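A short worksheet on the structure shown next.
Each reported figure results from applying straightforward, stated rules to the coordinates on display, with no laboratory input. Everything quoted here is computed from the prediction, not taken from an experiment. Cβ atoms come from the backbone with ideal geometry, glycine included; neighbour counts cover every protein chain shown.
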Amino acid sequence: MIKKIAFILLVVSALACGTWGYLYLTNLKRPTTNPLSVLPDNCYMLLEARNFHQLSEKLNQGNLMWEELLKANVIKQFNKTIQKTDSLIYNSANSNSFGIQSVFVAVYQNKKTNLLAAFNLTDINSNDLFISFLEKNFSAKKTSANFYECKLSDNTFYVSANAGLVMLSDDISCVQE
């Protein structure tokens, strides 16, 4: 009887340790930097969406507020970038490998209107997959450590990707700051 109880306790403790280990290791793979913490506080508008597809839908749903925003050239260019990114991510085999968490977009008004988007990848180990996605689909060229220049047919944007945190903007100074 004592042997059965000891065996049951051993099995239960092994299951508990295994579960704890799994949860601990899963938590280590998540990015630790919150995208909101890297966005400067002086934005006049902040958008949040679950992913690029939802952001693209929000920007193109025909809402009067979005229609007014799309009249600004910087928003119109950003919208093209978002639509292209959304379609490439949706159709890419790699996109399942580097899942994207909530996307935050901040709009700033200094001397000109700037946009800065930030999001986390679901796994910090998928950073290289995301960079190869940029290189393949946007002809990304590394300009310095963790900074990439990406090109669309009529637009250039800049990306910083480090430890699962990704920031992108059409103004390199926004990304570097």
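For Leu88, what charge total do you get from the other residues with a beta carbon under 15 Å from its beta carbon, if Lys and Arg give +1 and Asp and Glu give -1?
Details: positive: Lys80, Lys84, Lys136, Lys151; negative: Asp86, Glu135.
My count for the surroundings of Leu88 gives +2.
If you fit an axis through the alpha-carbon atoms of helix 2-28 and take the longest principal axis of the Cα set of the chain, what angle between them do you get, 0 to 90°, nearest 10?
10 degrees
Over the chain, how many pairs of lysines fall under 22 Å by alpha carbon, counting only those 8 or more apart in sequence or from different chains?
For the chain, the number of qualifying lysine pairs is 24.
By how many degrees, 0 to 90 and rounded to 10, does the Cα axis of helix 73-91 deviate from the longest principal axis of the chain?
It works out to around 40 degrees.
Could you give the length gained on full extension between Lys3 and Met65, defined as 0.36 nm per residue of separation minus the Cα-Cα distance, in nm?
Working: separation 62, 0.36 × 62 = 22.32 nm, distance 7.08 nm.
Extra length available between Lys3 and Met65 comes to 15.2 nm.
D for the chain, whole µm²/s, Stokes-Einstein with Kirkwood Rh over alpha-carbon pairs at 20 °C and 1.002 mPa s: what number? Don't skip to the end; give the middle numbers.
Values: Rh = 18.0 Å.
Once the numbers are plugged in, D ends up at 119 µm²/s.
Stretch Met45-Glu135 to full length: gain in nm at 0.36 nm per residue minus the Cα-Cα span? Intermediate values should be presented prior to the final figure.
Numbers: separation 90, 0.36 × 90 = 32.40 nm, distance 3.00 nm.
Taking 0.36 nm per residue and subtracting the Cα distance, the gain is 29.4 nm.
Collect residues whose amide H, placed 1.01 Å from N in the peptide plane, falls under 5 Å from the amide H of Asp170; neighbours closer than 5 in sequence don't count.
Under 5 Å from the amide H of Asp170 lie the amide H atoms of Leu115, Tyr158, each far enough along the sequence or on another chain.
Quickly work out the Glu57-to-Ala163 label distance, labels modelled 7 Å from Cα along the C-beta direction, and quote it in nm with one decimal.
Distance between label points: 3.3 nm.
Can you give me the long-range amide H partners of Leu152? Hydrogens built in the peptide plane at 1.01 Å from N, cutoff under 5 Å, separation of 5 or more residues or another chain.
Phe157
Would you please give the residues with an amide H less than 5 Å from that of Thr122, counting only those at least 5 places away or on a separate chain, with H modeled from the backbone geometry?
HN-HN under 5 Å from Thr122: Gly99, Ile100, Gln101.
Loop only per DSSP, at most 10 neighbouring Cβ atoms within 10 Å: give me the trypsin sites (Lys or Arg not before Pro) in region 107-177, ordered by residue number. Kindly include the intermediate steps, with their values, before the conclusion.
Working: sites: Lys111, Lys112, Lys136, Lys141, Lys142, Lys151; in loops: Lys111, Lys112.
Those that pass, being in a loop and sparsely packed, are Lys111, Lys112.
So how tilted is helix 127-138 from the main axis of the chain? Cα-based, degrees 0 to 90, rounded to 10.
30 degrees
Under the rule a/c < 1.5 gives rounded, and otherwise a/b versus b/c splits prolate from oblate, where does region 116-177 land using the Cα gyration tensor? All intermediate terms of the calculation are to be shown ahead of the outcome.
On the way: a/c = 1.76, a/b = 1.25, b/c = 1.41.
Since a/c reaches 1.5 but b/c is at least a/b, the shape of region 116-177 is classed as oblate.
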